[in-house]
Every structure is written in structure tokens, then in C-alpha cells.
Amino acid sequence: MAAVFKTKSSFLKLWGLLAVVLAVAVGVKGNSEGDALYALRRSLSDPGNVLQSWDPNLVNPCTWFHVTC
């Protein structure tokens with residue numbers, strides 16, 4: 001009976017690890033709108049550094065200054 005619990009425990013740990021990996025993968029994926037806005041930012045001259053909050057590592061571009069969602 002102990003072997004069944006050990007196998008079940010390993011199975012649950014595997015599913016937990018899979019859930020974490022999937023959550024990270026979704027977070028890293030980003031979004032096309034943010035990618036497009038960041039590409040636009042790179043093509044602009046920003047001498048006053050007004051667009052410094054436009055960070056491509058942030059998944060949600062709605063948190064960037066001068067972006068309204």
C-alpha cells in the first residue's frame with residue numbers, strides 16, 4: 001500500500017511541476033500588442049525618456065505610461 005501512495009505522490013508532484021512550467025510559459029509568451037508598441041517605441045526618438053516605462057518584459061502594456069486600455 002505504501003508504494004501506491006509514493007507513486008500517487010510522485011504523480012501529483014509531476015502535475016504540480018507541469019502546472020508551474022505552463023504558467024511560466026504563458027507569462028513569458030507576452031502579447032502581440034505589447035510587442036508592436038515596443039517595436040514602435042524603438043523606432044521613435046525619445047530624448048526626454050518619456051517612454052521609459054515601455055518595458056517588453058512586462059506582459060501587460062496597459063501599465064505603461066501613455067498607453068490607455
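Quick check on my filter: what residues within the range 38-69 are in a loop (DSSP other than H, G, I, E, B) and of a type in the set (D, E, K, R)?
Asp46, Asp55, listed by residue number.
Out of all the residues in the range 41-58, which are open to solvent by 60 Å² or more (accessible area, probe 1.4 Å) and under 16 Å from Asn31 (Cβ atoms)?
Once the filter is applied, which keeps residues that are open to solvent by 60 Å² or more (accessible area, probe 1.4 Å) and under 16 Å from Asn31 (Cβ atoms), the range 41-58 yields Pro56, Asn57, Leu58.
The values are calculated or read from the model by the stated rules, or taken from the named source; none is laboratory data. Quantities reported herein were computed from a predicted structural model and do not represent experimental measurements. Here the Cβ is made from the backbone with ideal geometry for all residues, glycine too, and neighbour counts use every protein chain on show. Heads up: the accessible areas ignore ligands, DNA and RNA and are worked out on the full protein's heavy atoms, side chains in. Shrake-Rupley method; radii C 1.70, N 1.55, O 1.52, S 1.80 Å.
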